[in-house]
Amino acid sequence: KAYKNLYLVGTSHIAKQSIFEVEHIINKEKPSIVALELDKVRFNVLVSGERGRIQLKYVKLIGLKGYLFAKIGEYAEHKLGKYVGVSPGSEMIKASEVAKKNNAKIALIDQKIEITLKNFSKEITWKEKFRFGYDTIKQLVKREKIKIDLNKVPPQELINKMLKQVKCRYPNFYKVLIGDRNKFMAKKLFVLMKGYDKIVAVVGAGHEEEIIEDIKKLERAN
């Protein structure tokens with residue numbers, strides 16, 4: 001999605017399609033800077049190829065719920081990545097490599113992972129946790145299958161439908177993991193848009209529309 005001098009690329013962290021897309025768009029648009037949906041810690045982890053980055057010793061910092069959520073997400077992402085033959089975050093690594101080849105700067109625009117996980121531990125309610133457990137068991141019993149090609153980014157219509165369901169069923173979950181981070185990234189991009197002639201931002205699919213709306217709100221307020 002394009003807005004003024006900003007080009008937002010919505011990706012799937014384990015999709016081969018996303019790797020090709022970010023390379024194509026950066027080479028085509030020749031931006032002055034490439035923004036990544038990462039913080040410094042996650043960027044360094046991806047570049048170094050480290051695994052198991054959320055260790056037990058961090059429970060005191062991010063809370064038990066944040067720690068368990070991170071470990072489950074980490075496990076699921078790597079399992080799916082292994083299935084499709086793509087390491088999670090490969091599109092971010094590709095974006096940084098292509099940016100360097102094009103002499104473009106790199107900006108890390110996401111909120112610190114420890115802040116997001118700490119907020120997750122603090123704000124996710126028991127009601128939402130029980131609802132999540134109920135919904136999971138319900139889906140296992142019904143065994144409904146959604147056909148998704150993991151090598152491609154899901155269609156925008158499906159992404160919007162899923163985000164709407166998450167926002168409705170798990171409002172705090174949505175706020176902490178999506179809404180608050182979108183606002184944080186929008187503020188970073190709002191500043192970059194004033195300092196650079198062209199920006200390509202690589203973010204997870206589903207973040208694009210709300211980030212643009214948050215940028216518009218910032219423009220109206222300033």
15 Å beta-carbon shell around E23, net charge (K/R +1, D/E -1): +2
Exceeding the 31 Å Cα-Cα cut-off - candidates K1/K167; K100/K161; K101/K217: K100/K161; K101/K217
Probe 1.4 Å, protein heavy atoms only - accessible area per residue of the stretch 1-52 in square angstrom: 48 Å²
Amide H contacts under 5 Å for A201, placed H, 5+ residues apart: Y7, L8, V9, A35
Residue-count net charge about G206 - beta-carbon cut-off 12 Å; Lys, Arg +1, Asp, Glu -1: 0
Charge context of C168, other residues only, Cβ under 13 angstrom, K/R +1, D/E -1: +4
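The values are calculated or read from the model by the stated rules, or taken from the named source; none is laboratory data. Bear in mind that the values here come from a model prediction, so they are computed numbers and not experimental data. Neighbour counts are summed over all protein chains in view; Cβ atoms, including those assigned to glycine, are modelled from backbone coordinates with ideal geometry. SASA here: full protein model, heavy atoms, side chains in, ligands and nucleic acids out. Shrake-Rupley method; radii C 1.70, N 1.55, O 1.52, S 1.80 Å.
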